[in-house]
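In what follows, a single structure is set out as structure tokens and then discussed.
The values are calculated or read from the model by the stated rules, or taken from the named source; none is laboratory data. Since we're looking at a predicted model, the values are computed, not measured. No Cβ is skipped: glycine too gets one built from the backbone with ideal geometry, and neighbour counts run over all protein chains shown.
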Amino acid sequence: MRIHIFFHRSKRLSFNKVIDLGCGRGRHSLLFAKNGYDVTAVNLSKYAIKELVKKAKKDRLNIECKVIDMLKLSFKDNYYDCLFTYHVISHSVSKEVKTIISEISRIVKYKGEVFVTFGNIEILSMIN
């Protein structure tokens, strides 16, 4: 999986503050936290964040978990070294995608790293 490329590149660049945008139940957030990153995990689903909080407590990991809409990220400008979002933004319509990209560019530091994947209608989960 390509997360490992992003993960190792971020480590090599000494990035520490990562935000997992649309974290789901936290698979990637947990990986980052277990490897020493300062992680913020955000998702629109209260249920998903609740599940991540349980896993983080069980593993004794300090992950800042928040229920937030990607269209209105309540974080400081230029705060994060890197941002990770896996098959999340493509759930939005074009106008929203523009807003989300604007928010991402606002909260990630200049010369920071952004890892974004987009799903498409040809992936297996989209086929009936």
**Message:** Please verify whether residue 62 is surrounded by 12 or more Cβ atoms within 10 Å (Cβ to Cβ) and out of contact with any Lys or Arg (no Cβ under 8 Å at 6 or more places or on another chain), treating the condition exactly as stated.
**Reply:** no
**Message:** For the stretch 34-56: of the residues being at pLDDT 95 or above and under 15 Å from residue 80 (Cβ atoms), which is surrounded by the most Cβ atoms within 10 Å (Cβ to Cβ)?
**Reply:** 41
**Request:** Take the stretch 80-92 and flag every residue that is assigned to a loop (DSSP other than H, G, I, E, B), under 14 Å from the mean Cα position of the chain (by Cα) and either of a type outside the set (Val, Ile, Thr) or closer than 12 Å to residue 103 by Cβ (or both).
**Result:** 86, 87
**Item:** Cβ pairs under 6 Å, 6+ apart, first in the stretch 14-38 and at positive phi, second part of a helix (DSSP H, G or I) and acidic (Asp, Glu)
**Value:** none
**Request:** Please specify each residue of the stretch 51-68 satisfying the condition of being in a loop (DSSP other than H, G, I, E, B) and under 12 Å from the mean Cα position of the chain (by Cα).
**Result:** 68
